[in-house]
Structure formats: structure tokens, C-alpha cells
1. Around Val200, with a cut-off of 11 angstrom between Cβ atoms, what is the net charge of the other residues, counting Lys and Arg +1 and Asp and Glu -1?
2. Could you please put Ile305, Ile10 in sequence from largest to smallest accessible area, using a 1.4 Å probe?
3. Using a probe of 1.4 angstrom, how much of the accessible area of segment 210-270 is carbon and sulfur, in percent?
4. At 0.36 nm per residue, minus the direct Cα-Cα distance, what do Glu64 and Lys386 gain on full extension? Give it in nm, one decimal, please.
5. Working out 0.36 nm times the residue gap between Ser294 and Glu538, then minus their Cα-Cα distance, what length gain in nm do you get to one decimal?
6. So how much accessible area does Lys440 have, in Å² to the nearest 10, using a 1.4 Å probe?
7. Extending each Cα 7 Å along its Cβ direction at Asn98 and Thr399, get the distance between those two points in nm, one decimal.
8. Kindly rank 257-264, 532-539 from highest to lowest mean number of other beta carbons found within 10 Å of each residue.
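The values are calculated or read from the model by the stated rules, or taken from the named source; none is laboratory data. As the structure is a prediction and not an experimental result, all values here were calculated from the model. No Cβ is skipped: glycine too gets one built from the backbone with ideal geometry, and neighbour counts run over all protein chains shown. Only protein heavy atoms, including side chains, enter the accessible area calculation; ligands, DNA and RNA are left aside. Shrake-Rupley method; radii C 1.70, N 1.55, O 1.52, S 1.80 Å.
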Amino acid sequence: MAFESTFKAIDNTLHHDDGCSTALDYVEQSSWVLFLKYFDDLEKTREQAAELEEKTYERIIAGEYQWNEWAMPLDNEGNYDVKRALVGDDLIEFVNQNLFPYLQNFTEKYDVDTIEYKVGIIFTNIKNKISSGYNLRDVIERVDELKFQTAENRHEMTQIYEDRLKQMGNAGRNGGEYYTPRPLIRTIVKSINPQIGETVYDGACGSAGFLCEAYTYMHEKVANASEEETLQTKTFYGKELKGLAYIIAMMNMILHGVQSPNIIRTNTLTENLSNITPSEQKNVILANPPFGGSEREEVQQNFPIKSSETAYMFMQHFMRMLKAGGRAGIVIKNTFLSNGDAKLLRKKLLEECNLHTILDLPSGVFTGAGVKTVVLFFTKGEPTEKIWYYQLDKHFTKTQPLTEDDLADFLKLQQTKADSENSWTLDIASLGEDYDLSVKNPHKVEEVDERTPGEIFKSLVKLEDRAAELMEKLGWTLWPEDEDDGLFGEYLSEDEDEDEDSINYIVKYRLTEEEKREYAVLEKQVDELEAKRVGVSEEEQNRLRHKIMELFAKMEDITDRYQKDVYSEEDEA
């Protein structure tokens, strides 16, 4: 794939540039170059269309600021004119002193609703960080190889661009807020089913993932030019506080095909709810608001239910911004369902909206976040009578992430709110005064460890024996029989290795790569502690033995999941 290999090469170049130090910088800096190349191709397409209609197209970015003038100048035969190409300090000076000021001036020359104004906003909120003109020249030449003039080209580009946003989201605390897994977003969009003519809003849009996916979903239904214009100008609305997220959102929407995104850079929570008018309300709200943050006390005064938790303030904002009959799909931390400080908010939500569905997600869905979340699906204007729950009971890791197939069963069952092993219905009349909406699957009985301390100790001893078995297997791997015949072979039979309930088999065949690495680290720690037990006092022996038992318990936690699967299969048989 041309886009993927090009972006990898660009990242490698920026990795060696003094002005770029993180994955966030790589995405940000490659994005503005990519955007200008994409915009130039867009203008070429418009020129060709105008020519076919015998009309004249006036370029938005004109003169010496066109891509084929400053970035990739062409000779009379249309080939790259290396001699005219700026490089080194000359290139950096032109970009910083001429190009960026020219584009920033668009905010002064054009109306707010135009694409020219949006371009000006992007380059007002971003600056060139690439310090070497030679590195920038390399990035420009690689980006120039990419073509965006066909639907297939644009689709491939947006897919790879989303992958880059995902990498940015995994790059650390500052990036994680920008990325929600796209399979989850697509599933939420499909469930809400926005229609052309409806307005779609995200008041904490990050990189605009929800808005981009909603556009892609709705664009497939466009039947005429009037509907296309509605989709382009009167459908998608977003707000974002952070500067980098804001410009990425703008570029992301334009790259996806929305020519003039209605995204505002603002702190959504500073708006007083009582000032939101019916004309500002939207038909559909899709969002994953930030949680765990806090706002100043004066900001908290904008909300009737006082809270320092940003997610709870956003929930009140979304309820107010939704039109009567409007639909929402909101991702929120699962503690919202039971926390005492959210009781009044839950009560308000149940009384003013029909919270018809709660999708419960495991912690691995958001890579690196380590939190459990739920998705709240509700319609404004009627109270809740019943809630249909669906529990996604799967294990996800970096190497085995969430896919749309994982959520296919949810979408299928949601149509009829059917009961299954993973879904059930709660009658609101059964709730107490705390309005606790915790996820409690009635089809799954929680296992309670009722063992006595003595039984637990015997289990730990057994664990040590099983760990010794693993060590023997490890030795066999490190010193095969052809190197030291029979050293470990006398302990390991072929039948034992093929026993699907044995530790050897589980570690070798059933663990994920990430779990294998974690297991190997624990084994190494056991080895180190065992070595320390040689020649020490009895008291120290006991202390080290206790630590080893703790490590064995962690090892058992990893393998037990797979052993229980085997047991359950046998029981069913």
C-alpha cells in the first residue's frame, strides 16, 4: 500500500529532525503537508470539471503558493524541476515567513462558512516544527507521490490516516483523548442510523472520528445534488477545546470529504445550559466526552446538577443539546451507572429520556486506557420504562483489538431487544432510590471463592509443582534433546504435551503473544527468587517462598482463563 509505506518513511525522516520528538509531532507535521497536497489535487479536479463545462475555475490557493510552485515546481514539460525547488534554509524561510502568513490571512478575507476560512483557521492554529529544510524537502517529495483524485485513492488515504490517529492516540497521555476505536464508532453510528436532513453533533469531537464516520455512513444514501449540499454544509457540527485536536479534526473531516467543517474551537462546558436555544439543538449526538478531568467552580455553575467530573457536565450538555425525539449514543465510564455523585444525573436522564440500551464494554477496548466503559443509547422526550443491556464478554489486547465483527451480535439482537447469554432487560420500576444501573448479567453467576486458608495454601503448593513442570518444559526448549539428550525428556511425554488442559499446552498454544510475554517475565522473576533462596536463613527462605507463591498466583491467573474454557466445553459435552 503506497500510503502506508510513504507514511512510515516520513515518520523515519521526522524522527531525525530536531523539531519533532514524539508521535504527536509526526502526525501533526505530516498532516499539514498532506493537507496542502490533498487540497491541490482537489483544486485540480475542480479545474478539470469546470473546463468540461467551459467555465473558469479560480483557485483558492493561487500564485507562488500553489503546490506546484513552492513545493514541487514543474518545468515546461510538466516534470519536477529540481533546480527551482527550494531546499534547506530557503525552504524553511519561505514556509515560515511567506506560506503560513498567506494561508492565515484567509480568516480575514473570507466568510466563516467558506472552505477558505477553514483553511485559514487550520494554519492559524498550527505551526511548522520541522527545523531542517532538507527533512522538509524529503517529506514534501514523498507526499507528492500520493494521489487523491479517485474515490479509491481517497478511501485508502483516509484508512491509513485513521491508523495514524490511532497511533497518536496510543502515543501517551496527550494523545489518548483524540482516538476512539473506529469499529466501536461505526457500530454506534449504525445503531443510531442518522438520516440525510438530520443534524449530527459532537461537543467533544477530538479528531472528529464520530463526525467522519457519520458522514461516510450518510454519504452512501445521497441521491441528488441537493442532499449532497445539505450533507456538506448543514449536517455536521463539532466543538473541541485542545488546539492540536481541533486542527486534526478540521483536516480529518476535509480529507474524508466534508469541504467546510462546522467545527468550533471552544470550551463547550463554559456555555450556560439555560442559554441553549431550540434552534441550536441537534437531531443526533454522538460522543465520547473526556472523563476524570475537572473544571473551575464558575464553570460548574453552568449546570443544574453540580459536579466536578467533566463527563457528568458533558452528559447534561448533551441532554440539553438534543432535540425532542432526537437520538444519542454516548460513551462514558461505567462508574456513571452506580456512583453516588451521579445519582441525580441518572434520575434526570431516566425521567427526561428513554435510555433504551446500555452496551457494556470490557477494559481492553480502549488500548492503554485501562478503564471499563459503557455506551448509553437514548431518545429524548419520553421517560425510560425498560433498559436493554448487552455485555460484550471478550478479551481484547493491542495485538487482538476490537473489530466490527465483535459487535455484530449486539446490532442484531438490539433490533428486537432479545434476551441471550449476553443480553437482558431491566424494568425501571425495580430500581431503588439510588437509581443504580450497574451491569448485572442475570445469566451469569459470579464465582465466589469459598476456600479455607488451608485449601488456598494447598492450591499454592500445587501451583509451585505446576511451575516446576513449566520450568522443565522451558529447559527442554532451551536445551533440545539433540544437544543434551534426555536432560528434560524423561519428565515430558508427547502425550502430556498434547493434553489441552496442561500448563505446557496452554502456554504454547492458547496464550496470546502479549500474555506469553507477561508469563515469561513472571517465570524469570521466579527464577531470580529461587536463586536467592540458596544458602539463606530459614526466615529469608520463608519470605522468598511467599513472594514466589504470589508470582505463581499471577501465572495461574493467566492460564486459568483457558483452563476454565476447557472445563466448560467438557461440561457442555
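1. On the way: positive: Lys234, Lys282, Arg327; negative: Glu198, Asp202, Glu213.
Here the charged neighbours net out to 0.
2. The ranking, largest first, comes out as Ile305, Ile10.
3. Details: 1110 of 2180 Å².
After summing per-atom areas, the C and S share lands at 51 percent.
4. Numbers: separation 322, 0.36 × 322 = 115.92 nm, distance 6.30 nm.
This chain segment gains 109.6 nm when fully extended.
5. Length gained, Ser294 through Glu538: 82.6 nm.
6. Solvent-accessible area, nearest 10 Å²: 140 Å².
7. 5.1 nm
8. In descending order of packing, they fall as 257-264, 532-539.
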